[in-house]
Amino acid sequence: MSSSQPRGLLWSDDRGGTVFLGLLAAVAILVPLLNQAVPASSPLHLSTYVLTLLGKYLCYMMLAIAVDLIWGYAGILSLGHAAFFALGGYGMGMYLMRQIGTRGVYGDPVLPDFMVFLNWTKLPWFWLGFNHFWFALLMMALVPASLAFVFGWLAFRSRVTGVYLSIMTQALSYALMLAFFRNDMGFGGNNGFTDFKELLGFDLQSDRTRVVLLVATAIALGASYRACRLIVSSRAGRVLRAIRDAESRTRFLGYRVESYKLWVFVISAVIAGVAGALYVPQVGIINPSEFAPINSIEVVIWVAMGGRGTLYGAAAGAILVNYAKTYLTGALPEAWLYVLGAMFVLVTVFLPRGLMGLMTAEARAK
Amino acid sequence: MTPVRLLDRPRPDGRALGRGAGTTAGGRGGRWQLVLLLFAALLPARPGLAQSPDQQFLAALGELREASFPDKAAIVDRLSRDNHPSVRPVLTAFLEDRLYTRLSDQKIFLAKSGDDTLTSLELIDPVTLQDAGAGAPNDLTKISTNNGLRRVLRTAIARFALSSPDSSVRLDAVKEMMRAIDEPSLALLRERIGVETDPAVKAEIETGLALAALDGGDPQSRLEAIAALAHRRRAEVRNRLAVLFEPSPDGSFAESDPAVRSAAAAAVRTIDQARAFYSGVETLFFGLSLGSVLVLVAIGLAITFGVMGVINMAHGELMMLGAYTTYVVQLAMPKHIEASILVAIPAAFLVAGVAGVILERTIIRFLYGRPLETLLATFGVSLMLQQLVRSVFSANNRSVETPAWMSGTLQVNEVLSITFNRLYIVVFTVMVFVILQLVLKRTRLGLDIRAVSQNRAMARAMGIRSEWVDAMTFGLGSGIAGVAGVALSQLTNVGPNLGQAYIIDSFMVVVFGGVGNLWGTLIGGMSMGVVNKLLEPYAGAVLAKILVLVALILFIQRRPRGLFPQTGRAAESAS
C-alpha cells in the first residue's frame, strides 16, 4: 500500500469492496478458463479437486458475509447460522433427490431410496413440489427466512439479547440437528442425502457443470456482498450500527429496534440458506451434522479472524481459515484443533478487529 | 417318630444332644431332653448313642448302597431331617448323579463331576467335604436314582433351603418352588408358613399358596385366595387373575363362579392402580436422576456464568478433565477400585479447579465486560483441551470401572426397583449443592464472591482483592465441573467429546433457572429432567429432548431472565 494516498481511503468501504469484487470477478473468469480451456497436461490447468474446493470456499464466504451482516453491524451474535445454511442445503438436496428418479438403487420413480428402505409408500406432504426447480429455489430462501422470522420475532420482541440470544440460537441449531437425525423426520436420518445425479438436466459429475456452479456461486456471493453493502450504507444501516453500540438509547430515540433487527436477521438467514443451497450440489452430500453447533461457531471465528463489520473482511477470514483447515487437516491432522483453538483465543484477545483491523491500523500509522 | 431320628437330631445350636443333656432345664430343650432320657432308658444297648453325628451320618449314607428305590426315598427323607452340615451338598450330588460307592472299600464319595467318560474322577469326602483324591471310574459305582426319587430329593433340598437361616435363600427357594408348584412342594410351603418369621418370605409363601388355591377347591377358598392376591403387585399375579374373568374365544370362562370372576376383576383393578402409581413414582425418580445430572453439569456454570457473568464454553471440557482424572486415579490404584471414586472426587476438583484458575488468569481476565469475545476465546480453549486429551489418551473412549457398591438395585417392592447408581447421583447432586450453598453463604470466600458480584467497585473500596476473588470464584466453578465429570464418568463414555455433549444442556439449565440463582439452577434442572422423562413414553427419547429444548427456547422468550430472575442492582449491571 502506498503512503502517498489519503489516510483511510484505501481501506474505506468502497475501496475494500472494490478490491473484493474485482478479485471475485477474476476468479469467476480465470477458473473456468484454466479448467476448461487449458489442457490437462499444462501446469496451469486447474484440477477438478481445486475447482470443487474453490466452489466450497465461495459458499463459506457467503455464509461469513451473512454472519458479519448481523454480528458486525447489528451486534447479534448468532451461534446457529449453520442451521439456516443447512436448511437451504436440504432444500436443494430434496430437489436433487427427486431428480434421481429411477436411477436410485431401488429404482422407484417417485420415492427416494431411503423412503423405500423405510417401507414408506407415498411421498410425505412436505416433499411435494420439490420436483420443480423454481419451487425448490423458492423454498431454499423461504424456509430459512420463515424460521429466522419466527425465531427473531419472538426473541427480539422480548428483548432477548447478547449472550442469551447466542445460547438460544445454539440450542435451536442443536434441536434441529437432533430432529434431522431421526429417520421418521423424512430427511434421510443421519445419512442425509447423497448420490445426486443431475441438476436441471446437467450431470453433476462433469467439470462443465461444476464450473457453471462455481460461476453461479461467485455471482451470488458478489450480489450478496452488494446487497449487504447497500443495507449497511443506507440509513437503516446507520440505525443498525446505533443499535449495536447502544440499543437502549436507539430505542429511546424512537426507533423500533426489534423491527430493524428482525429484518436484518431474516435477510442474513436467506443469504445463508442460498449459500447452503449452492454448497450441496458442489460437495454432493448434505447430512444433519451440518447443523452441529460447532459449525456455527466456526463461522463466527472466520468473521472474527477477518475482522467484523467490514463484510469483505469476513469473506477473507472465511477463505483464510478454511485454507488453513484444508492444509492442516491433510498435513498435520493432530495440530488442526490446536491451531483453530489458538486462533479463537489470539484473535479475540489480541486482534479484536481482526486482520482487516490490523491493516487499517497500519494504514493509519503511516 | 422313631428313636433313631430323635437321637440323630442335634439341637439348633449345633451341640450334640447327648453332651448337652441335663445341663439345661425348661423350655423346648428341656422337653427334648426328657424324651431323650426316656428313650435312653428304654434302649440302653442302642449303639447309636455312642456314635458321633459324623458316624451316624456315614452309617445312613452307607445304607443307600443296597437299598431299593422306596428305601432310598425313606433314607433321603431321614437324612433331610438331619442337621449335619454335609447333608445338603450330599443330597444335591445325589440328585445330580454324582454320588458313588468305591468298590475297594465300600465307602461313599461325592464326585466333582458326574461325567462317566472321564478317565479319573476327583472325589470329595462326604463328611468333611474336603478333596479325597481321585478314583478310577471302574472302581466306582454310581448310586442310581429314578424319577420318583429325584422328586423326593428336590423336595428335600427345597426344605433345606426353606429352613436356611438366611432369609434371602428362603425367598429364592419359595420363588423356585412356585415356578412349578406341585402337591409335595405345597405341603412343604404349608408346613413352613407356620414357622416363618421373615415378612417378605411369608408374603411370598402366601402368594404361592393363594395362586395354587385358585386352581381348585370351593368358590369360598378361591375368593379368599383372590382377596389375598389383591395386595400383591406382581405382573404374574395380575395376569393369573386376569385369566379368570377374561372370556376365551368360545365365550366360556376359565372360572365358572360369577362371584369369583367379579372379585378377580376387582382385584386386577386394584393391582393395576397400584402398578400405575408405582410406575408414576418410577418415572418421577428417573426424571429426578436425569435432572440431577443436568443440575450437576450446570451448577459449576451457575457459578462462573451466573455469578461472574463469564460465558465459559470450555465448561464441558473441564468436566471432561474431571472424568479423565477418575480414569487416571483408577489406573494409579487398580487394587482399590472401590475407593477410587472417593479419591477421584477431590483430585478432579483440584485438576479442573487449577485448570480453571489458569484459564481465568491467562485469558478470561482480559475479556471481562466483553461476553461475546469471552465465549469465542473459551470455545477456542475447549477445542485445544479436546485435542490435548486426544493426543495424550488417544481419541478412543477410556473405560472407567464402576465400584461394586455403586451397582445393583434397591428393591422397594415387587414393582418398584431403584438402581443404586441413579440413587447415588441424586444424593451426590444434593450433597454438592448443599456444600456449594454453604461455601457461598457461610465462608469468607463466599462472602467475598457475593460482594464482588453485587458491587465490584464497592467491594474493592472495602479492601477485597477483587482479582483474587475472580480467580477463586472461577476456580470454584471449574472445580465443581470436575466433580461433575467424576459422576459423568460413571454414566457415559469417557472420551474427548464428553464435554460437548453437555454444554448446551448446561447453559439451558442455567438460563432457564435464572442467572445468578443456584436454587433456580436446582429447580430448573430437576424440572427439565422430570418433564423429559414424562414425555419420553409418548414421544421417544430424542423427540422428548427436542420438545424440551423448543419449550425452553419459547419459555426464554416469555421470561428472558429465567424462572427466578435476579432483582436489584446486580441484575441491571449483569445485563
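The values are calculated or read from the model by the stated rules, or taken from the named source; none is laboratory data. Note that this is a predicted model, so its numbers are computed, not measured. Cβ placement follows ideal geometry from the backbone for every residue including glycine, while neighbour counts extend to all protein chains displayed.
Where in region B:73-174 are there strands (runs of 3 or more DSSP E), lying wholly inside it, with at least 1 residues that are at positive phi and surrounded by fewer than 19 Cβ atoms within 10 Å (Cβ to Cβ)? Before the answer, list the steps.
On the way: elements: B:99-102, B:107-111, B:121-124, B:131-135, B:140-142.
Correct list: B:131-135.
Kindly establish whether A:Val264 is more than 11 Å from chain B (Cβ to nearest Cβ), hydrophobic (A, V, I, L, M, F, W, C) and surrounded by 24 or more Cβ atoms within 10 Å (Cβ to Cβ). The answer is yes for A:Val264.
Quick check: is even one residue across region B:220-231 touching a residue at least 40 places away in the same chain (Cβ under 8 Å), closer than 18 Å to B:Tyr278 by Cβ and surrounded by fewer than 22 Cβ atoms within 10 Å (Cβ to Cβ)? Within region B:220-231, one or more residues are touching a residue at least 40 places away in the same chain (Cβ under 8 Å), closer than 18 Å to B:Tyr278 by Cβ and surrounded by fewer than 22 Cβ atoms within 10 Å (Cβ to Cβ). Criterion first (part of a helix (DSSP H, G or I), on the phi < 0 side of the Ramachandran plot, modelled with pLDDT of 85 or more and within 12 Å of chain A (Cβ to nearest Cβ)) does B:Met508 satisfy it? Answer is yes for this residue. Just one residue in the set B:Ala487, B:Ala461, B:Ala501 is surrounded by fewer than 21 Cβ atoms within 10 Å (Cβ to Cβ) and either among the basic types (Lys, Arg) or in contact (Cβ under 8 Å) with a residue 60 or more places away in the chain (or both); that residue is B:Ala501. Suppose we filter B:Leu376, B:Leu388, B:Leu359, B:Leu367 for residues that are surrounded by 15 or more Cβ atoms within 10 Å (Cβ to Cβ), within 14 Å of chain A (Cβ to nearest Cβ) and farther than 19 Å from A:Val339 by Cα; which single one remains? One residue alone meets the criteria, B:Leu367. Taking the criterion of being in contact with a Leu (Cβ under 6 Å, 6 or more places away or on another chain) and small (Gly, Ala, Ser), the only residue of region A:221-248 that qualifies is A:Gly222.
Could you please find all residues in region A:165-179 being more than 8 Å from every other protein chain (Cβ to nearest Cβ) and out of contact with any Asp or Glu (no Cβ under 9 Å at 6 or more places or on another chain)?
Looking only at region A:165-179, we keep the residues that are more than 8 Å from every other protein chain (Cβ to nearest Cβ), and these are A:165, A:169, A:173, A:176-177.
Once the filter is applied, which keeps residues that are more than 8 Å from every other protein chain (Cβ to nearest Cβ) and out of contact with any Asp or Glu (no Cβ under 9 Å at 6 or more places or on another chain), region A:165-179 yields A:Leu165, A:Thr169, A:Ser173, A:Leu176.
The residues of region B:512-545 that are within 14 Å of chain A (Cβ to nearest Cβ), crowded, with 22+ Cβ neighbours inside 10 Å, in a helix (DSSP H, G or I) and hydrophobic (A, V, I, L, M, F, W, C), listed by number, are B:Phe512, B:Met528.
Taking the condition in a helix (DSSP H, G or I) and either of a type outside the set (A, V, I, L, M) or within 12 Å of another protein chain (Cβ to nearest Cβ) (or both), does A:Leu328 pass?
Details: in a helix (DSSP H, G or I): yes; either of a type outside the set (A, V, I, L, M) or within 12 Å of another protein chain (Cβ to nearest Cβ) (or both): yes.
Yes: the conditions hold for A:Leu328.
For first residues located in region B:418-430 and in contact (Cβ under 8 Å) with a residue 60 or more places away in the chain, partners that are part of a helix (DSSP H, G or I) and among the small types (Gly, Ala, Ser) and lie 6+ apart or on another chain with Cβ distances below 7 Å form the pairs B:Arg422/B:Ser289; B:Ile425/B:Ser289; B:Ile425/B:Ser292; B:Ile425/B:Ala487; B:Val426/B:Ser289; B:Val426/B:Ser292; B:Phe428/B:Ala487; B:Thr429/B:Ser292.
Does A:Ala277 qualify as being more than 25 Å from A:Leu172 (Cα to Cα), away from chain B (no Cβ under 12 Å) and small (Gly, Ala, Ser)? For A:Ala277, the condition - more than 25 Å from A:Leu172 (Cα to Cα), away from chain B (no Cβ under 12 Å) and small (Gly, Ala, Ser) - is not met. Consider region B:477-503 and keep the residues that are out of contact with any Leu (no Cβ under 8 Å at 6 or more places or on another chain) and within 14 Å of another protein chain (Cβ to nearest Cβ). The one that is modelled with the lowest pLDDT is B:Ala501. Among the criteria (1) surrounded by 20 or more Cβ atoms within 10 Å (Cβ to Cβ); (2) more than 20 Å from A:Gly80 (Cα to Cα); (3) modelled with pLDDT under 85, the one B:Ile556 does not fulfil is (2).
The residues in region B:179-213 that are modelled with pLDDT of 75 or more and polar (S, T, N, Q) can be counted, and the count is 2. Evaluating A:Leu77 against the criteria (1) in contact with a Ser or Thr (Cβ under 6 Å, 6 or more places away or on another chain); (2) on the phi > 0 side of the Ramachandran plot leaves one unmet condition, (2). Beta carbons closer than 8 Å, at least 6 apart along the sequence or on distinct chains, pair a first residue in region B:555-566 that is within 14 Å of B:Ala302 (Cα to Cα) and without any contact (Cβ under 8 Å) to a residue 60 or more places away in the chain with a second that is surrounded by fewer than 17 Cβ atoms within 10 Å (Cβ to Cβ) and of a type in the set (Phe, Trp, Tyr) for B:Phe564/B:Trp519.
For region A:207-255, give me the residue count where each residue is of a type in the set (Lys, Arg) and crowded, with 18+ Cβ neighbours inside 10 Å. Before the answer, list the steps.
Within region A:207-255, the first condition is being of a type in the set (Lys, Arg), and the residues that meet it are A:208, A:210, A:226, A:229, A:235, A:238, A:241, A:244, A:249, A:251.
Narrowing further to those that are crowded, with 18+ Cβ neighbours inside 10 Å: A:210, A:229, A:244.
Looking only at that region, the number is 3.
Of all residues in region A:138-164, those being in contact (Cβ under 8 Å) with a residue 12 or more places away in the chain and either more than 10 Å from chain B (Cβ to nearest Cβ) or within 20 Å of the chain's Cα centre (by Cα) (or both) number 11.
When every residue of region A:180-200 is checked against the conditions, at least one turns out to be under 21 Å from the mean Cα position of the chain (by Cα), part of a helix (DSSP H, G or I), crowded, with 19+ Cβ neighbours inside 10 Å and within 14 Å of chain B (Cβ to nearest Cβ). Flag: A:Gly72 does not match the condition of being surrounded by 19 or more Cβ atoms within 10 Å (Cβ to Cβ) and in contact with a helix residue (DSSP H, G or I) (Cβ under 6 Å, 6 or more places away or on another chain).
Could you check region B:57-71 and list, in sequence order, the residues that are outside any helix (DSSP H, G or I) and within 45 Å of the chain's Cα centre (by Cα)? Scanning region B:57-71 gives a single hit, B:Leu64.
Counting just the residues of region B:391-408 that are within 12 Å of another protein chain (Cβ to nearest Cβ) and of a type in the set (S, T, N, Q), which one comes out nearest to A:Leu340 (Cα to Cα)?
Looking at the filtered set, the residue picked out is B:Ser391.
Of the residues making up region A:248-287, those that are more than 26 Å from A:Thr48 (Cα to Cα) and touching a Gly at 6+ places or on another chain (Cβ under 6 Å) are A:Leu262, A:Phe265. Taken over region A:99-118, the residue count meeting the criterion of being charged (D, E, K, R), farther than 19 Å from A:Asn190 by Cα and surrounded by 13 or more Cβ atoms within 10 Å (Cβ to Cβ) is 1. Considering each residue of region A:289-308 in turn, at least one proves to be part of a helix (DSSP H, G or I) and more than 13 Å from every other protein chain (Cβ to nearest Cβ). Looking at this structure, is B:Arg261 in contact with a Lys or Arg (Cβ under 9 Å, 6 or more places away or on another chain), charged (D, E, K, R) and part of a helix (DSSP H, G or I)? Judged against the criteria, B:Arg261 is not a match. Taken residue by residue, region A:94-106 has at least one member that is in contact with a Lys or Arg (Cβ under 6 Å, 6 or more places away or on another chain), more than 14 Å from chain B (Cβ to nearest Cβ), part of a helix (DSSP H, G or I) and of a type outside the set (S, T, N, Q).
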